[in-house]
Amino acid sequence: MANYQYEVISQDGKTIKGTQEAENPEVVRAQLKAKGYIVTNVSEQSALNKEIKIGFEKKPSPRDLGVFCRQFVAMSRAGVSILECLSLLREQTENPALAKAIREVQVEVEKGETLANGLSKHPNIFSDLMITTVNAGEQSGSLETSLERMAEQYEKSAKTAALVKKAMIYPAVIAIVAVVVVIVMLVVVIPSYTDMFADMGTELPGITKAVVAMSDFIMDYWYILFPAVIAAVIAIKFYLKTPGGKVLKSTISLKFPAAKNLVVKSACSQLARTLSTLLAAGVSLVDAVDIVGQTMQNTHFKNALKDAKEEVIKGVPLSVPLADCGLFPPMMYHMIHIGEEAGNTEEMLTKLADYYDEEVEMAVQSLMAAMEPMIIMVLAVVVGGLIAAVMAPMLTMYQAMDSL
């Protein structure tokens, strides 16, 4: 079987392009005509006209998916069919990977598949959370409500991610400036003073000797040092993606008080918002807890929800394993317990999500307030040490001259 490119005109006059695998072009034409299309061209893909797949396509962000869900709901409520919604969204989407996925989902829906089944064929684009929510919405006849909740879910996730990214910009810039200043001092400034230090004929202070030795090492072995640093960074990144690295990263993030506050509150917000969305779509509590656990970034929270799922299967209320794991604050499992007793767990989770969204913003601001003076202190110590290394022999020389 070969791959064929085709170009057709739909019943509403729109030109649609795509690819299809078949034994010969006549089969492609027959299948397209059966769908009501006017076939204008069918040609076999060659090395020249074959679509080139770029391995580094940008994965759609939560904001892109939130816009997709929000626009889908708006058009659906205006009476637009699912196929038309997908066609319009494909044309409006700026992200190439998402646009391609929407086109392929549209093809699946045209074949008679459900929207959820079409989305499930693109797990790298659409999360299990979205697929399960859409599936539940289709089965219960509340697809618009489910997609609206997903839009809110993605919008909140995008807002939280933007807050954290904004908080990290200042420390990152300061760190880069500090590294550049140190390199310039060691490579340019210190070598210009080396000959002067040698002509003094006096014993150099220990800090000056250390800085001069560091400068000489960088100047002599930069061709080894530079690749070694890059290799170390790459090795660390790969290690952090391994199971052991993820556990280490998760453990470290819970050891520092300022970071722990943000990590815990972000996890609470994500748990409450996602669980509320799934329960509102009609997903069972066991499946909902399982999906929420898979969305967690921190390994300890992921494992805690995995254990919670097993307890829920046994008939234990969700609030009990959440309290026993020791990771969640008391307010989290107490409020869920109240919701379980009153029979309004979904509503209680929504309130918890709103509360912890505000707490995440405050945690980000607190982290920024704590990091700024720490960064300034570290920068002052580093730059101050370099300046002291340069000035110390000069002061020694002046004192020797005064004693004559």
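The values are calculated or read from the model by the stated rules, or taken from the named source; none is laboratory data. This is a predicted model, so every value here is computed, not measured. Positions of Cβ are backbone-derived with ideal geometry, glycine not excepted, and every protein chain shown enters the neighbour counts. Quick note on the areas: whole protein, heavy atoms, side chains included, nothing else; ligands and nucleic acids left out. Shrake-Rupley method; radii C 1.70, N 1.55, O 1.52, S 1.80 Å.
Could you tell me whether LEU386 is at pLDDT below 80 and assigned to a helix (DSSP H, G or I)?
Details: at pLDDT below 80: yes; assigned to a helix (DSSP H, G or I): yes.
Spelling it out, LEU386 is indeed at pLDDT below 80 and assigned to a helix (DSSP H, G or I).
Considering only residues that are surrounded by fewer than 22 Cβ atoms within 10 Å (Cβ to Cβ) and among the polar types (S, T, N, Q), look in the stretch 136-159 and name the one that is modelled with the lowest pLDDT.
By that ranking, first place goes to SER140.
Of all residues in the stretch 280-294, count the ones that are surrounded by 19 or more Cβ atoms within 10 Å (Cβ to Cβ) and within 25 Å of GLU359 (Cβ to Cβ). Working first, answer last.
Let us first name the residues in the stretch 280-294 that are surrounded by 19 or more Cβ atoms within 10 Å (Cβ to Cβ), namely 280-281, 283, 288-293.
Then drop every residue that is not within 25 Å of GLU359 (Cβ to Cβ), which leaves 280, 288-289, 291-293.
Summing the residues that are surrounded by 19 or more Cβ atoms within 10 Å (Cβ to Cβ) and within 25 Å of GLU359 (Cβ to Cβ) in the stretch 280-294 gives 6.
Does GLY36 qualify as being at pLDDT below 75, open to solvent by less than 80 Å² (accessible area, probe 1.4 Å) and under 30 Å from ALA161 (Cα atoms)?
Details: at pLDDT below 75: yes; open to solvent by less than 80 Å² (accessible area, probe 1.4 Å): yes; under 30 Å from ALA161 (Cα atoms): no.
So GLY36 fails the test.
Hey, MET219 hits all of (1) within 32 Å of the chain's Cα centre (by Cα); (2) open to solvent by 70 Å² or more (accessible area, probe 1.4 Å) but one; which does it fall short on?
Failed condition: (1).
Could you give me the residue pairs with C-beta distances under 8 Å whose first residue belongs to the stretch 67-83 and is within 12 Å of LEU115 (Cβ to Cβ) and of a type in the set (Val, Ile, Thr), whose second residue is open to solvent by less than 60 Å² (accessible area, probe 1.4 Å) and in a helix (DSSP H, G or I) wherever it lies, and which are 6+ apart or on separate chains?
Here the result reads ILE82/SER76; ILE82/VAL109; ILE82/LEU115, each pair linking the stretch 67-83 to a residue that is open to solvent by less than 60 Å² (accessible area, probe 1.4 Å) and in a helix (DSSP H, G or I).
Could you identify the single residue in ALA210, ALA198, ALA175 that is open to solvent by 70 Å² or more (accessible area, probe 1.4 Å) and either at pLDDT below 80 or within 24 Å of TYR398 (Cβ to Cβ) (or both)?
On the way: ALA210 fails: open to solvent by 70 Å² or more (accessible area, probe 1.4 Å); ALA175 fails: open to solvent by 70 Å² or more (accessible area, probe 1.4 Å).
Being open to solvent by 70 Å² or more (accessible area, probe 1.4 Å) and either at pLDDT below 80 or within 24 Å of TYR398 (Cβ to Cβ) (or both) holds for just one of ALA210, ALA198, ALA175, which is ALA198.
What about LEU379, is it in a helix (DSSP H, G or I), open to solvent by less than 30 Å² (accessible area, probe 1.4 Å) and in contact (Cβ under 8 Å) with a residue 12 or more places away in the chain? Steps first, answer last, please.
Values: in a helix (DSSP H, G or I): yes; open to solvent by less than 30 Å² (accessible area, probe 1.4 Å): no; in contact (Cβ under 8 Å) with a residue 12 or more places away in the chain: yes.
Taking the combined requirement at face value, the residue does not satisfy it.
Taking the condition among the small types (Gly, Ala, Ser), at pLDDT 80 or above, open to solvent by less than 40 Å² (accessible area, probe 1.4 Å) and under 18 Å from the mean Cα position of the chain (by Cα), does ALA99 pass? So that I can check it myself, show each step before the final result.
On the way: among the small types (Gly, Ala, Ser): yes; at pLDDT 80 or above: yes; open to solvent by less than 40 Å² (accessible area, probe 1.4 Å): yes; under 18 Å from the mean Cα position of the chain (by Cα): no.
No.
Could you list, in sequence order, the residues of the stretch 356-366 that are closer than 24 Å to MET150 by Cα and free of Cβ contacts under 8 Å to residues at least 12 places away in the same chain?
GLU358
So for the stretch 114-133 (the condition being modelled with pLDDT of 85 or more, open to solvent by less than 30 Å² (accessible area, probe 1.4 Å), within 15 Å of VAL67 (Cα to Cα) and of a type in the set (Gly, Ala, Ser)), does at least one residue qualify?
no
Cβ-Cβ distance below 9 Å, separation of 6 or more or different chains: which pairs start in the stretch 262-285 with a residue that is in contact (Cβ under 8 Å) with a residue 12 or more places away in the chain and end on one that is open to solvent by 40 Å² or more (accessible area, probe 1.4 Å) and outside any helix (DSSP H, G or I)?
VAL263/GLN297; VAL264/LEU327; SER266/GLN297; ALA267/GLN297; ALA267/LEU327; GLN270/GLN297; LEU278/SER284
List every residue pair whose Cβ atoms lie under 7 Å apart, where the two residues are 6 or more positions apart in sequence or sit on different chains, the first residue falls within the stretch 138-165 and is within 16 Å of CYS85 (Cβ to Cβ), and the second residue, located anywhere, is part of a loop (DSSP other than H, G, I, E, B).
GLU138/THR114; SER146/ALA281
Give me the helices (runs of 4 or more DSSP H) completely within the stretch 254-366, filtered to those with at least 2 residues that are modelled with pLDDT of 85 or more and touching a Gly at 6+ places or on another chain (Cβ under 6 Å), ordered by residue number.
Values: elements: 257-280, 285-295, 299-313, 319-324, 330-342.
Here the list reads 299-313.
Hey, can you tell me all the residues within the stretch 295-317 that are of a type in the set (Val, Ile, Thr) and open to solvent by less than 60 Å² (accessible area, probe 1.4 Å)?
Answer for the stretch 295-317, where residues must be of a type in the set (Val, Ile, Thr) and open to solvent by less than 60 Å² (accessible area, probe 1.4 Å): THR295, THR299, VAL312, VAL316.
Across the stretch 323-365, what is the number of residues that are among the small types (Gly, Ala, Ser) and surrounded by 16 or more Cβ atoms within 10 Å (Cβ to Cβ)?
Narrowing the stretch 323-365 to residues among the small types (Gly, Ala, Ser): 323, 326, 339, 342-343, 353, 363.
Filter once more, keeping what is surrounded by 16 or more Cβ atoms within 10 Å (Cβ to Cβ): 323, 339, 353, 363.
Residues flagged as among the small types (Gly, Ala, Ser) and surrounded by 16 or more Cβ atoms within 10 Å (Cβ to Cβ) within the stretch 323-365 amount to 4.
State whether one or more residues within the stretch 58-78 are open to solvent by 80 Å² or more (accessible area, probe 1.4 Å), modelled with pLDDT under 75 and closer than 28 Å to VAL134 by Cβ.
Yes: one or more hits.
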